[in-house]
Amino acid sequence: MITTIVIPVLNRYDLLRECVDSIPPGLTVLVIDNGNQLDDEALWPAARVLRMPSNLGVPTSWNLGIKLYPHEPGWLLLNSDAYFAEDAFDKVDALCDSSRLVLAGSPPWCCAWIGRDVVDRVGLFCEAYYPAYMEDVDYEERARRLGVEVVYSSARVEHRNSSTINSDSQLAARNNATHARNIQTHEARWHGLAEHETPSVSDWSLRVRLANAWDAA
């Protein structure tokens, strides 16, 4: 079922290499290079690399991958610091279905399958969250409320959690501020909704992009 994999990356390209090497050959692998430093010759030849002039952020990167490959049965969203151990890929793949949201690894969204019917029902990721965190919580809750089947896989998807921000003290400091703001955004989006209601998918915001910037002005 898995044919297309979307991997955003900001830094720690050494871990990205391990990530890509753990993927079986013959699949479409889209690497969105938000750090604009990747030498694609050093990457697995089957990967398509898009070098961004600035950091799109996680939800926008995921949305871009879906938009670029709209005819797929679904999309596997994979963290650049995660990789498949042993037969983990096959175990995740066995659970994938066009109507399911499948989560694997720790935290679960380090490897997430979103079926085509899920996107048709739930929509894309909310880009009001920038550059990362809470966009996954928002999407999963929207999916559940709209009746999407959410499946957790026990497959061994190894993940070096928070490697991006831990590699740079400045990013870590900025993340403390932006994570708090994204929580506020999340609370505001969901405030006052009944159990069967979901918020709309908010548009990208220039104000949030500039206020939460991890890159230099």
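Out of (1) over 18 Å from the mean Cα position of the chain (by Cα); (2) within 20 Å of Glu158 (Cα to Cα), the odd one out for Trp75 is which?
With respect to (1) over 18 Å from the mean Cα position of the chain (by Cα); (2) within 20 Å of Glu158 (Cα to Cα), Trp75 is out only on (1).
Which residue pairs have Cβ atoms closer than 8 Å, lie 6 or more positions apart in sequence or on different chains, and pair a first residue in segment 176-202 that is within 15 Å of Ala132 (Cβ to Cβ) with a second residue that is open to solvent by 60 Å² or more (accessible area, probe 1.4 Å) and part of a helix (DSSP H, G or I)?
Close Cβ pairs satisfying both conditions: His186/Val137.
For segment 144-164, state whether one or more residues are more than 17 Å from the chain's Cα centre (by Cα), of a type in the set (Lys, Arg) and not in a helix (DSSP H, G or I).
yes
Checking the conditions here, which among Val49, Val102 is in a strand (DSSP E or B), modelled with pLDDT under 95 and of a type outside the set (Phe, Trp, Tyr)?
When all the criteria are applied, what remains is Val49.
If I ask for residues that are over 19 Å from Ala104 (Cβ atoms) and either open to solvent by less than 10 Å² (accessible area, probe 1.4 Å) or of a type in the set (A, V, I, L, M) (or both), which ones from segment 125-137 would you list?
Cys126, Ala128, Tyr129, Tyr130, Pro131, Met134
Could you check, for segment 186-208, whether at least one of its residues is within 30 Å of Ser22 (Cα to Cα) and over 14 Å from the mean Cα position of the chain (by Cα)?
For segment 186-208, residues within 30 Å of Ser22 (Cα to Cα) and over 14 Å from the mean Cα position of the chain (by Cα): absent.
Can you name the number of the only condition in (1) under 18 Å from the mean Cα position of the chain (by Cα); (2) open to solvent by 10 Å² or more (accessible area, probe 1.4 Å) that Ala104 fails?
Among (1) under 18 Å from the mean Cα position of the chain (by Cα); (2) open to solvent by 10 Å² or more (accessible area, probe 1.4 Å), the lone unmet condition for Ala104 is (2).
Failed condition for Arg142, given (1) touching a Phe, Trp or Tyr at 6+ places or on another chain (Cβ under 7 Å); (2) open to solvent by less than 40 Å² (accessible area, probe 1.4 Å), with all others met?
Here Arg142 clears every test but (1).
For Asn55, only one of the following conditions fails: (1) closer than 20 Å to Leu124 by Cα; (2) in a loop (DSSP other than H, G, I, E, B); (3) open to solvent by 20 Å² or more (accessible area, probe 1.4 Å); (4) not aromatic (Phe, Trp, Tyr). What is its number?
Asn55 satisfies every listed condition except (3).
The values are calculated or read from the model by the stated rules, or taken from the named source; none is laboratory data. The model shown is predicted, which means the values in this text are computed figures rather than measured ones. Neighbour counts are summed over all protein chains in view; Cβ atoms, including those assigned to glycine, are modelled from backbone coordinates with ideal geometry. Protein only, heavy atoms only, side chains kept; ligands, DNA and RNA dropped before computing areas. Shrake-Rupley method; radii C 1.70, N 1.55, O 1.52, S 1.80 Å.
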